[in-house]
Amino acid sequence: MAELAAVIASPGHSLLLAERDGTLVGTVTVADLGQGRAYLGMLAVSPSAQVGGLGRLLVTAAAEEAKARFAARTLELTVIALRTELIDWYRRRGFACTGELRPFPVAVPDRERLVLTVMERDLA
């Protein structure tokens, strides 16, 4: 199993890294949104490390970082609404859809199809 290797922090942001045998295999970011809220983003797990619980470990570590570093009570994330399997994965990690939708943040072809679903999880 990979180990959480490092937390790189700057004001308002943390980058958590996971490594296995000295090789980076996963990352996740946490950003302070203020007023007891934090944002989980850029969760990435190497294909060679998927299906082993590393994503779950990184989400748990991000939640703990949000609580400890930013005193967050709520953790928010966004998922492309078309990615129903990913939405379901986050539901199994305790997140719920808020009903809020946001536009995709950059101009790309077919941008209107890439609407983002907002999800959140209570950290209290």
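The values are calculated or read from the model by the stated rules, or taken from the named source; none is laboratory data. Values in this document were obtained by computation on a predicted structure and should not be read as measured data. Cβ atoms come from the backbone with ideal geometry, glycine included; neighbour counts cover every protein chain shown.
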Task: Considering residues of region 20-35 that are of a type outside the set (S, T, N, Q) and in contact with a Leu (Cβ under 9 Å, 6 or more places away or on another chain) only, the residue farthest from residue 10 (Cα to Cα) - done: 20
- [ ] Mind listing whichever residues of region 36-57 are out of contact with any Asp or Glu (no Cβ under 7 Å at 6 or more places or on another chain) and under 13 Å from residue 69 (Cα atoms)?
- [x] 36
Open item on the list: Conditions first: (1) within 14 Å of the chain's Cα centre (by Cα); (2) without any contact (Cβ under 8 Å) to a residue 24 or more places away in the chain. Residue 101 passes all but one, so which condition is the exception?
Closed with: (1)
Task: Of the criteria (1) modelled with pLDDT under 95; (2) under 18 Å from residue 97 (Cα atoms), which one residue 59 fails - done: (1)
Task: Top-ranked residue of region 104-114 - restricted to ones that are out of contact with any strand residue (DSSP E or B) (no Cβ under 6 Å at 6 or more places or on another chain) and touching a residue at least 12 places away in the same chain (Cβ under 8 Å), ranked as farthest from residue 39 (Cα to Cα) - done: 113
TODO: From the list 44, 38, 9, pick out the single residue that is closer than 21 Å to residue 117 by Cα, surrounded by fewer than 18 Cβ atoms within 10 Å (Cβ to Cβ) and either under 17 Å from the mean Cα position of the chain (by Cα) or not small (Gly, Ala, Ser) (or both).
DONE: 44
Task: Exclusive hit being loosely packed, with under 11 Cβ neighbours inside 10 Å and more than 17 Å from the chain's Cα centre (by Cα), set 112, 85 - done: 112
TODO: Report, by residue number, each residue of region 60-98 that is of a type in the set (Gly, Ala, Ser) and within 18 Å of residue 38 (Cα to Cα).
DONE: 61, 62, 63, 66, 68, 71, 72, 94, 96
